[in-house]
Amino acid sequence: MTLPSHVRLIEVGPRDGLQNEALPISVADKVQLVDALTDAGLGYIEVGSFVSPKWVPQMAGSAEVFAQIRRKPGVVYGALAPNMRGFEDAVAAGVKEVAVFAAASEAFSQRNINCSISESLARFVPIIEAARQHGISVRGYVSCVLGCPYEGQVSPQQVAQVAQELYAMGCYEVSLGDTIGTGTPTATRNLFEAVTACVPREKLAGHFHDTYGQALVNIYASLQEGIAVFDSSIAGLGGCPYAKGASGNVATEDVLYMLNGMGIDTGVDMDKLLLAGEHICQVLGRVTGSRVAKARQG
């Protein structure tokens, strides 16, 4: 298969990345990060999450962040809204696109959100219906698509079933997430072959964690399957909660470097992206998780 000529990068650092940080992060610093990512040319930025701050303290203040960011025409500023209360708060904050998430593993679903996969999907029905009434797009996530910390291997058919249900409900795109980063290229290709049998290829995205150093090769394998949308996180923000000290999300800088080298267009400016990553790492007092940023720092 011919590789895509253009790839859409979904920047999840302000949400999926920052939610794992231990130190409190100010609204001003979150706003600065989102604005810097906008300036770098990213067309989709996941800004925050409308969940109880009791469960995810770092996402407190998401409404204030949405109120203060400089919105650029044509850029999507999304948010996670896993329940009706979160969806209503997102609408009040002026969010035009929300995301919901389900797991491909029963054990992970029970441990993570205290319900079965089918129960979690049922919860999304009223959210997606309300979103339709408000003219709001809904993106779906499926976690643990290439492995579960509790069950081990997850069958591609199970992933395909969950992805198909999310798509049938009204999610315009379904992102398949290797939550613990254990996937390898052959497993990735097998996964997309199974899922594309029931969800159109152009409606799928890849979300790879780099815990085992496999994210970029898995993205390349996905490109070979015709997938042209990938989630990534500035500076590799977002540690993996199941592997102490391990990296989590693949760094946007590293994905961009690979795509640039392959002649695949993204519309993202590497120099501005590196500045955004450098600044948020200074704020967090941490070393960047991006190999490209480390190499450029020399």
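Worth a mention:
- Filter result for the condition that a residue is within 23 Å of Asn112 (Cα to Cα), of a type outside the set (Lys, Arg) and in a loop (DSSP other than H, G, I, E, B), over Gly238, Gly206, Gly177: Gly238
- Flag for Ile127 being assigned to a helix (DSSP H, G or I) and in contact (Cβ under 8 Å) with a residue 40 or more places away in the chain: yes
- Within the stretch 89-116, tally of residues that are of a type in the set (Ser, Thr, Tyr) and in contact with a Cys (Cβ under 6 Å, 6 or more places away or on another chain): 1
- Selection status of Arg85, crowded, with 16+ Cβ neighbours inside 10 Å, among the basic types (Lys, Arg) and in a helix (DSSP H, G or I): no
- In the stretch 4-44, residue surrounded by the fewest Cβ atoms within 10 Å (Cβ to Cβ) [restricted to those that are among the β-branched types (Val, Ile, Thr) and within 19 Å of Gly289 (Cα to Cα)]: Ile25
- Whichever residue in the stretch 8-34 is part of a loop (DSSP other than H, G, I, E, B) and under 23 Å from Val98 (Cβ atoms) and, among such residues, is modelled with the highest pLDDT: Val12
- Single residue of the stretch 277-298 satisfying the filter (over 15 Å from Tyr257 (Cβ atoms) and exposed (fewer than 14 other Cβ atoms within 10 Å of the Cβ)) that is modelled with the lowest pLDDT: Gly298
- Set Pro57, Pro73: member being farther than 27 Å from Gly170 by Cα and not basic (Lys, Arg): Pro57
- Check on Ala102, surrounded by 14 or more Cβ atoms within 10 Å (Cβ to Cβ), assigned to a helix (DSSP H, G or I) and of a type in the set (A, V, I, L, M, F, W, C): no
- Verdict on Val7 being among the β-branched types (Val, Ile, Thr) and closer than 28 Å to Ala130 by Cα: no
- Of the residues making up the stretch 262-296, those that are assigned to a helix (DSSP H, G or I) and out of contact with any helix residue (DSSP H, G or I) (no Cβ under 8 Å at 6 or more places or on another chain) number 5.
- Count of the stretch 180-203 residues which are part of a loop (DSSP other than H, G, I, E, B) and among the β-branched types (Val, Ile, Thr): 5
- When Gly206 is tested against the conditions (1) touching a strand residue (DSSP E or B) at 6+ places or on another chain (Cβ under 7 Å); (2) surrounded by fewer than 23 Cβ atoms within 10 Å (Cβ to Cβ); (3) more than 21 Å from Asp39 (Cα to Cα); (4) not polar (S, T, N, Q), the lone failure is (2).
- Odd one out for Glu151, checked against (1) touching a residue at least 40 places away in the same chain (Cβ under 8 Å); (2) within 25 Å of Tyr77 (Cβ to Cβ): (2)
- Checked across the stretch 64-71, the condition of being charged (D, E, K, R) and in contact with a strand residue (DSSP E or B) (Cβ under 7 Å, 6 or more places away or on another chain) holds for at least one residue.
- Options Leu191, Leu216, Leu256: the member that is touching a residue at least 12 places away in the same chain (Cβ under 8 Å), under 27 Å from Ala28 (Cβ atoms) and either surrounded by fewer than 24 Cβ atoms within 10 Å (Cβ to Cβ) or not small (Gly, Ala, Ser) (or both): Leu256
- Considering residues of the stretch 241-253 that are buried (at least 24 other Cβ atoms within 10 Å of the Cβ) and part of a loop (DSSP other than H, G, I, E, B) only, the residue modelled with the lowest pLDDT: Gly248
- Qualifying residue in the stretch 209-223 (condition: more than 15 Å from the chain's Cα centre (by Cα), closer than 30 Å to Pro126 by Cα and assigned to a loop (DSSP other than H, G, I, E, B)): no
- Residue satisfying condition, being of a type in the set (Asp, Glu), surrounded by fewer than 23 Cβ atoms within 10 Å (Cβ to Cβ) and in contact with a strand residue (DSSP E or B) (Cβ under 9 Å, 6 or more places away or on another chain), within set Glu129, Glu119, Glu97: Glu97
The values are calculated or read from the model by the stated rules, or taken from the named source; none is laboratory data. None of these values were measured; they are calculated from a predicted model. In this analysis, Cβ positions are derived from the backbone assuming ideal geometry, glycine residues included, and neighbour counts consider all displayed protein chains.
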